[in-house]
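The values are calculated or read from the model by the stated rules, or taken from the named source; none is laboratory data. What you are looking at is a predicted structure, and each value in this text was computed from that prediction instead of being measured. Ideal geometry is used to build each Cβ from the backbone, glycine not excepted, and the neighbour counts take in all protein chains shown. We work out accessible area using only protein heavy atoms, side chains counted, and drop any ligands, DNA or RNA first. Shrake-Rupley method; radii C 1.70, N 1.55, O 1.52, S 1.80 Å.
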Amino acid sequence: MTAQYDLSGRIAVVTGAAGGFGTAIVKRLTAAGATPVLWDLPAALEMLPDQDMPAHAVDVTDEASVTEAADAVISRFGRIDILINNAGIVADPMPTWDIPVAVFRRILEVNLVGAFLVCRALVPLMLKTAATGHSGRIVNIASVQAKEGMDKAAAYSASKAGLIALTKSLGKELATRGILVNAITPAASMTAMSIDAPKDRLADILSRIPMGRFLEPDEVAALTIWLCSDECSFSTGAVFDLSGGRATY
Ligand SMILES: NC(=O)c1ccc[n+]([C@@H]2O[C@H](COP(=O)([O-])OP(=O)(O)OC[C@H]3O[C@@H](n4cnc5c(N)ncnc54)[C@H](O)[C@@H]3O)[C@@H](O)[C@H]2O)c1
């Protein structure tokens with residue numbers, strides 16, 4: 001049975017909303033009565049089957065684009081309760097010393113600086129909403145690779161480790177200001193991000209998961225929705241594992 005949460009009236013910005021995890025998170029938010037606002041790159045938004053949902057073309061690495069989208073949410077809804085920092089990219093697997101500098105920088109730019117830029121633009125707006133008595137939530141989608149440091153994925157692992165550190169810092173800063181900030185560390189899931197990885201790489205990754213299967217996007221959404229709910233009330237700056245037993249810490 002699916003747990004039911006009441007997030008009615010809450011406005012939730014989801015970055016990378018058109019992707020695998022984003023779609024599952026948007027579905028759960030909608031089912032809980034929240035209004036998700038879908039942020040993603042223009043080409044990704046164009047592929048969405050439902051073009052009527054509130055959406056805004058955003059490149060999270062572009063400060064002006066993020067500010068414009070934030071202003072649009074406030075103009076339309078007047079509040080922001082929830083932020084899911086979910087936009088992310090991976091690079092082809094390769095040893096650290098072979099990674100082109102531009103590729104390393106780009107991975108950090110999207111996965112870490114992007115989340116920072118979105119927090120920087122939205123937290124002041126979320127604080128205004130929280131001041132009206134409505135508890136806010138930020139959920140950052142990191143990765144088990146942040147904890148473990150994956151071979152041939154130094155840029156991705158480093159970017160997600162940075163996202164965990166950002167979560168911890170921001171969680172402390174907002175702990176008494178009505179906004180809880182938490183991170184999730186998923187293992188591999190067969191979304192667009194992973195599905196085209198080399199077969200031997202996928203077999204290697206699967207062999208590291210004690211439960212012997214890949215993660216389902218809805219399992220990310222289920223944990224995310226709990227973190228967004230009032231049932232989550234005494235966790236902030238925390239990291240929630242979703243790795244089928246791969247990371248036991
Ligand atoms: N799929 C996995 O195996 C896995 C495992 C652990 C963590 N994650 C993380 O989960 C998050 C979602 O991944 P997913 O599996 O749904 O992948 P996905 O590729 O299906 O979705 C990622 C989304 O991010 C968007 N995006 C990329 N760059 C962007 C930018 N500059 N600005 C705005 N949007 C941008 C893409 O357009 C896409 O819609 C990512 O942060 C990813 O790193 C994924």
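ARG208 contributes about 80 Å² of solvent-accessible surface, heavy atoms of the protein only, 1.4 Å probe. Summarising the strand pairing of the chain, around 0 percent of its internal DSSP beta bridges are antiparallel. In order along segment 205-219, the phi-based Karplus estimate (6.51 cos²θ - 1.76 cosθ + 1.60, θ = phi - 60°) of 3J(HN,Hα) comes to 5, 4, 5, 8, 9, x, 6, x, 8, 7, 6, 8, x, 5, 6 Hz; Gly and Pro are listed as x. Ranking of TRP226, TRP39, TRP97 by solvent-accessible surface, largest first: TRP97, TRP226, TRP39 (1.4 Å probe, protein heavy atoms only, all chains present). Overall size of segment 91-249 from C-alpha positions, given as principal axis extents largest first: 52, 36, 25 Å. Per-residue 3J(HN,Hα) values for segment 221-233, derived from phi via the Karplus relation 6.51 cos²θ - 1.76 cosθ + 1.60 with θ = phi - 60°, read 5, 5, 6, 4, 5, 5, 4, 7, 8, 6, 5, 8, 10 Hz in sequence order (x marks Gly and Pro).
For a paramagnetic label modelled on LEU127 (point 7 Å from Cα along Cα→Cβ), amide N atoms under 14 Å away belong, within segment 167-188, to 170-180.
Largest GNM mean-square fluctuation across PRO186, PRO93, PRO124, computed for the chain with C-alpha springs under 10 Å, falls on PRO124.
Taken about its Cα centre, segment 11-238 carries a charge dipole of about 640 debye when Lys and Arg each add +1 at the Cβ and Asp and Glu each add -1 at the Cβ.
Between LEU242 and THR185, ALA187, the built amide H atoms are under 5 Å apart, and every one of these is 5 or more places off in sequence or on another chain. Among ALA102, ALA34, ALA12, the largest mean-square fluctuation in a Gaussian network model of the chain, built with springs joining Cα atoms closer than 10 Å, belongs to ALA102.
With protein chains left intact and a 1.4 Å probe, residues in segment 11-238 average 45 Å² of accessible area per residue. For segment 20-79, the spread of Cα positions along the three principal axes, ordered from largest to smallest, is 31, 27, 18 Å. Going by accessible surface with a 1.4 Å probe and the largest first, ILE99, ILE82, ILE195 read ILE195, ILE99, ILE82. Carbon-plus-sulfur accessible fraction, segment 1-133 (probe radius 1.4 Å, protein heavy atoms only): 58%. ARG120 contributes about 150 Å² of solvent-accessible surface, heavy atoms of the protein only, 1.4 Å probe.
In the chain, the DSSP-assigned H stretches of four residues or longer account for a calculated mean residue ellipticity at 222 nm of -13000 deg cm²/dmol, using -39500 (n - 2.57) per stretch and the full residue count as denominator. Annotation: LYS147 carries an accessible surface of approximately 50 Å², with a 1.4 Å probe and no ligand, DNA or RNA atoms counted. Within straight-line reach of LYS27, meaning a Cα separation under 20 Å, sit the following aspartates and glutamates at least 8 residues removed in sequence or on another chain: ASP6, ASP40, GLU46, ASP50, ASP52, ASP81, GLU216, ASP218, GLU219, ASP230, GLU231. In order along segment 191-200, the Karplus-derived 3J(HN,Hα) couplings, from 6.51 cos²θ - 1.76 cosθ + 1.60 at θ = phi - 60°, round to 8, 4, 4, 10, 5, 9, 5, x, 4, 5 Hz, and Gly and Pro are given as x. Over the chain, Cα pairs under 8 Å with separation of 6+ residues give a relative contact order of 20 percent.
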